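Novice: Below you'll find the structure I mean.
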Amino acid sequence: MPHKDIIHLDMDAFYPAVEVLDDPSLEGKPVIVGGQGDRGVVSSASYEARKFGVHSAQPIITARRLCPDGIFLPVRMARYVEISKKVFEVFCRFTPLVEPLSIDEAFLDVTGSRRLFGSPQEIAKKIKKLVKGEIGLTVSAGIAPSKLVAKIASDLEKPDGLTVVPHGKVREFLDPLPIEKLWGVGKVTRKDLELLGVRTIGDLSRLPRELLKSKFGKHGLHLYTMAGDMDERDVETRREVKSIGHEVTYAKDIVDLETVKKKLLALATQVARRMRRKGEVQRFCADNQVHNPA
């Protein structure tokens, strides 16, 4: 089976970076983008803000305490999507095999792009240069024979990093890394694995498959596959939408039942509107054989 050349590209602190792009006076300052009010959460933080311990999914009230001099800005999703489209247009110049993971990161399979554009490392450098020159933002890249390793690699030298894991060097790269670098290893799983004497990906790769299965079920099998460098997933250019939702964070708890019902109806209406826009209503009805009762 031929080797793959996978590049994982991840924009650096994308939301704050776009804010700095639009307002250069924010350069070098702790910019925090997220929900407004004390009950909101951080969507993204600049690297200057991260030095204070601010991170995504953190309550805004905690971020304000950690970084009182931070510049707190609302989410401008339409603007981020606009810039994202420009970034992905650059990605698509080098290969049609682009798999978006979100609006600010993607996998690229450049196995068949060597003749036109050079080695994977040369391609990554060209992409980084174009994104910086044409859009004004930086992107970090990880290059490896698999999606898992490419994604891990892209995170190691942020911001504006480029990490290459050559064919035949994957085990050497993975083994010393802490287990939390693997997808699916959070605080709870990490503590459970530490009880088994596992602290690095190399430690995990040496555990018997059946032991991991008995301890963690299907998740254990996933860990076994990832730690053993058995990630053979292809880059998928079309990703199925698995969920559509809508959420609102309220300044105060709603305890009145009638008010709750009204709010739920409003949220359901928003979800239905999004489903109609994406054509998911027709597909849902067809899949579930929903018929007009008339």
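Read the figures in this text as sums done on the coordinates, not as results from a lab. Given the structure is predicted, the values throughout are model-derived calculations rather than measurements. Note: ideal-geometry Cβ built from the backbone for every residue, glycine included; neighbour counts use all protein chains shown.
Novice: Taking R0 as 30 Å, what FRET efficiency do you get between Lys132 and Cys92 from their Cβ-Cβ distance, rounded to the nearest 0.05?
Specialist: Here the calculated transfer efficiency is 0.95.
Novice: As an exercise, use a Förster radius of 30 Å and the Cβ-Cβ distance of Thr62 and Val260 to find the FRET efficiency, rounded to the nearest 0.05. If you can, show how the numbers build up before the last one.
Specialist: Details: r = 27 Å, r/R0 = 0.89.
The formula returns an efficiency of 0.65 here.
Novice: Is the range 1-173 rounded, prolate or oblate when judged by the Cα gyration tensor, a ≥ b ≥ c being the square roots of its eigenvalues, rounded requiring a/c under 1.5 and prolate requiring a/b larger than b/c? Please list the in-between numbers first.
Specialist: Working: a/c = 2.48, a/b = 1.86, b/c = 1.34.
Prolate, since a/c reaches 1.5 and a/b exceeds b/c.
Novice: Further question: Select from Gly133, Gly35, Leu66 the residue farthest towards the positive end of the dipole of the chain; place +1 on Cβ of Lys and Arg, -1 on Cβ of Asp and Glu, and compute about the Cα centre.
Specialist: So the residue we want is Gly35.
Novice: How many percent of DSSP beta bridges within the range 98-225 run antiparallel, rounded to 5? Spell out each step's value before the answer.
Specialist: Details: 5 of 8 bridges.
Taking every DSSP beta bridge with both residues in the range 98-225, the antiparallel ones total about 60 percent.
Novice: What's the center-to-center distance, using Cα atoms, between the range 44-107 and the range 1-40 in Å?
Specialist: Each part reduced to its Cα centre gives a spacing of 3 Å.
Novice: Over the chain, what is the relative contact order in percent, taking alpha-carbon pairs closer than 8 angstrom and at least six residues apart?
Specialist: Numbers: 440 pairs, mean separation 49.0, N = 294.
It rounds to 17 percent for the chain.
Novice: Rank Gly202, Pro176, Leu221 by how far each Cα sits towards the positive end of the charge dipole of the range 175-227 (+1 on Lys, Arg Cβ; -1 on Asp, Glu Cβ) and give me just the farthest.
Specialist: Toward the positive end, the furthest listed residue is Leu221.
Novice: Any idea what % of Cα-Cα pairs in the chain are farther than 32 Å? Can you show the working numbers first?
Specialist: Working: 17790 of 43071 pairs.
When all Cα pairs of the chain are counted, 41 percent exceed 32 Å.
Novice: Going by a ≥ b ≥ c, the root eigenvalues of the Cα gyration tensor, does the range 175-227 fall in the rounded group (a/c under 1.5), the prolate group (a/b larger than b/c) or the oblate group? Walk me through the intermediate numbers first.
Specialist: Numbers: a/c = 1.37, a/b = 1.24, b/c = 1.10.
Cα axes put the range 175-227 in the rounded bin.
Novice: Can you tell me what share of the DSSP beta bridges in the chain is antiparallel? A percent to the nearest 5 is fine. Intermediate results must be reported in sequence, preceding the final value.
Specialist: Working: 20 of 26 bridges.
The antiparallel fraction comes to roughly 75 percent.
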